[in-house]
Structures are given as C-alpha cells and as structure tokens.
Amino acid sequence: PSKPDKAQLQEVIDCARATYINLDEGENASYIPFLARVPRYLCGLSIATLDGDIISAGDTDYRFAIESISKVATLALALEDVGPDAVQKKVGADPTGLPFNSVMALELHNGKPLSPLVNAGAISTVSLVEAADREERWARILLMQRKLTGGDIVLSSEVNGSEQTTNFHNRAISWLLYSAEALYCDPMEACDIYTRQCSTLVDTRDLAVMAATLAGGGVNPLTGEQVLSADRTSPKVLAEMMMEGLYTSSGDWAYSVGLPGKSGVGGGVLAVVPGIMGIAAFSPPLDDAGNSVRGQKMIGKVASALDYNLFSTR
Ligand code: GLN
C-alpha cells in the first residue's frame, strides 16, 4: 500500500474510534482490585510511524497499567542478554492454547512454559535477565520499558500494592517452575519482579512507540536510539507475539488482523506493522480471553483500512 500522510492517518483512527466507542461489551479485569475500578468508557487509539510522528484519538494521555504488555519488553531484554537459542530452549516459542495464567502447559510439557507471553513463561523470562540481585533485575527491566516507549515509565505503588497482595496464583506458578528447573533465580524474586513489571503506568502513545520500535527493528523512532540489536531481537519478539500475543485468541487475531499483537488485562493492546508503524489502543473492558474488546476492534479496523496484513501481498 502507498504511504499515507498524517491527515489520512488521523482520519483513519478517528473513524475506527468512532465506530467502536459505543460498543459496550466485556468487563474490566476483576481479579486485580485496581483494574476493576478504571472507568470502562475510556477509549484511546494511537499510531506511531517510523518517521517519529504520533497520531492520536481519544483518551491517549490516560495512564493505565501495562500488565502483560510488559512481557514484550522483558522478552526483548532476555533475548539481548542470553540470545534467541537459550530463550527458545528454556522458555519456548509455541502457543499454549490455554488461558494466560494456566498451569496446565507446565504439566503437559515437563515444566516447560512454551511461551514467554503467558504468565509461566514470562516469570521464567524474568529469571533469565542478567542481574546481580533483585533490584538490578528490576532496574534493567524498567529501563527497557523506558527505552522501548521513549516515555518516563514509573512503577505505580497503587497497582503494585494491589497485585502483590493478590498474586497467589502467580506465586504458585513460580514454585511449579522452580520444581521443574525452569526458573533461573529465586522463585519469589522472579514473581516479585514480574508483578512489578506488570504494575507500571503507560499511556496509549507510549505503547504505540513501543510497537513502532519493534516495527523499526529495534530503533525507537521518537528518541532515535538503537534499543535492540538490529535484526536479531525484534523478529524473535514479533514471532512470539504472532503465536501467543492475544492468548487463546491469538489464532483469531492472526486470521482477522494478520499482525503481531500483544494485549494486557489493563485494557491496552498493541500491534506491529513491520517496517512501517506501531498501532496501540486502550479501553478497559475485556473479552473472555482477557483482551480489550474495543482495542482489538479498533486496531483491526485501522489495519484493514490501511491494507496492512503480514499475510497479504498488496
Ligand atoms: N499481572 C497480571 C497477571 O499476572 C497480568 C496478566 C495479563 O495482563 N494477562 O495476572
């Protein structure tokens, strides 16, 4: 497709948002108290191009919990630290076909989590990050979130408090991983840092830039920084996103949108158009798989309006 200018992009995202703003389906995540309280009507949509333009519509300055989208940043860091072969061998690159917090994949595959983009694999990925101690592990992961987004990303003590006091399931996953020798640091350290990485605040524009950084092979279009080694890390991150980025709906997403994506239970979703742009959306109500209802629809509409689909030859 020909390269759209800024005015055309604005029109496309305004139209996508207007189409779905009144789609009132789904429910906020209720198992994390903080997330249950975010207003359900919030709805934002942003594009970040590789030229560094950001085009936005709606509530794109509202800061919400990054949640599972943090798994993308930590995966990128682990890939940089230990390389793609170790990540594939120790965590995996296959879809689980199971909910994001499932322990079943561990049972079925001798303790191997299969994907870094579900909770078990993400906690294992945290433990692969090179660090001398817990605070260095946290500092490096937070710095990667900042570099990928180009934003001043901070931990929300409110979200983190809400999660740390209710994350019993993820603690159990951590101990199961440890017993299967699929965790490479102290289990409660891995769970603590995983919980913190989910508890940072981002806005839709930050996520669009993160997606654009991956679209540009690891160069952040806002800051110009080469965040990830060229051609080594981002293709692997995108492959993992294609396979498991939207959990049990990853197949439907590939079928209908055809772009690598990642969602979080805070209501954020991002999608990557390699070599072209990042698209991100935010709206809290989720479907049964844990993906933002409006977010998925809006991104799908933008991608089809611009004729972006990885599997299309146009
Ligand atoms: N912090 C959440 C959890 O671990 C993130 C899950 C998600 O966004 N799918 O349960």
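No value in this document is a laboratory result; all are computed from the given coordinates. It should be emphasised that the depicted structure is a prediction, and the values quoted were computed from it without experimental measurement. Cβ placement follows ideal geometry from the backbone for every residue including glycine, while neighbour counts extend to all protein chains displayed.
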Point to revise | Within the stretch 35-64, backbone nitrogen closer than 15 Å to the virtual label 7 Å beyond the Cα of residue 169 toward Cβ | key: 35-36
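Run through the stretch 1-56 and list the chymotrypsin sites (Phe, Trp or Tyr not before Pro) located in a DSSP loop whose Cβ has at most 14 other Cβ atoms within 10 Å. Don't jump to the answer; show the numbers that get you there.
On the way: sites: 20, 31, 34, 41; in loops: 31, 41.
Loop-located and lightly packed - 31, 41.
Ignoring GluC sites (Glu not before Pro) that are buried or in helix or strand per DSSP, and keeping those with at most 16 other beta carbon atoms within 10 Å, what is the longest stretch of the chain between them?
It runs 26-129.
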Point to revise | Nearest-20 debye value, the chain charge dipole, Cβ charges on Lys, Arg, Asp, Glu | key: 280
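If R0 is 22 Å, what FRET efficiency do you get for residue 304 and residue 40 from their C-beta distance, rounded to 0.05?
Taking R0 as 22 Å, the efficiency between residue 304 and residue 40 is 0.30.
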Exercise for review: Please give every one of the aspartates and glutamates within straight-line cross-link reach of residue 3, meaning a C-alpha to C-alpha distance under 12 Å, and leave out same-chain neighbours fewer than 8 residues apart.
Suggested key: 51, 307
Study note, to complete from the structure: Treating only Lys and Arg (+1) and Asp and Glu (-1) as charged, each at its beta carbon, one finds that the stretch 70-197 has a dipole about its Cα centre, in Debye to the nearest 20, of 220
Practice item. Using only Cα atoms, locate the centre of the stretch 105-171 and the centre of the stretch 1-45, then give the distance between them in Å, rounded to an integer. Key: 26
Check your understanding: With charges set only on the Cβ (+1 for Lys and Arg, -1 for Asp and Glu), what does the dipole of the stretch 2-74 come to about its Cα centre, in debye to the nearest 20?
Key -> 220
Check your understanding: Length gain on complete extension for the stretch residue 239 to residue 6, per 0.36 nm per residue less the alpha carbon to alpha carbon distance?
Key -> 81.0 nm
Revision key, fill the gap. Pseudo-spin-label distance residue 86 to residue 154, built 7 Å along Cα→Cβ, given in nm, is 3.3
**Study point:** Protection-proxy order for peptides 43-51, 108-116, each taking the mean of Cβ atoms within 10 Å per residue, highest first
**Key:** 43-51, 108-116
Review point. How far is helix 293-305 tilted off the main Cα axis of the chain, in degrees rounded to 10, range 0 to 90?
Key: 50
Check your understanding: Between the DSSP loop rule and a limit of at most 14 other Cβ atoms within 10 Å, which chymotrypsin sites (Phe, Trp or Tyr not before Pro) in the stretch 229-314 are left?
Key -> 311
Review point. Does anyone have the angle between helix 6-20 and the longest principal axis of the chain? Alpha-carbon axes, 0 to 90°, nearest 10?
Key: 70
Practice item. Go through the stretch 90-107 residue by residue and turn each phi into a ³J(HN,Hα) via Karplus (6.51, -1.76, 1.60, θ = phi - 60°); whole Hz please, and just put x for glycine and proline. Key: 8, 10, x, 9, 9, x, 8, x, 10, x, 4, 9, 5, 9, 5, 4, 5, 5
Check your understanding: Want the number for residue 15 to residue 179: 0.36 nm per residue separation, take away the alpha-carbon distance, what's left?
Key -> 54.0 nm
Check your understanding: Which Cα, out of 277, 223, 70, lies furthest along the positive dipole direction of the chain (beta carbon charges, K/R +1, D/E -1)?
Key -> 277
Practice item. Show which lysines lie in cross-link reach of residue 112 when reach means a straight Cα distance below 26 angstrom and same-chain residues fewer than eight apart are skipped. Key: 71, 89, 90, 236, 262
Point to revise | Tilt relative to the chain, helix 187-198 - C-alpha long axis, 0 to 90 degrees, to 10 | key: 10
**Study point:** Dipole-positive endmost among 102, 166, 132 within the stretch 70-197 (Cβ charges, Cα centre)
**Key:** 102
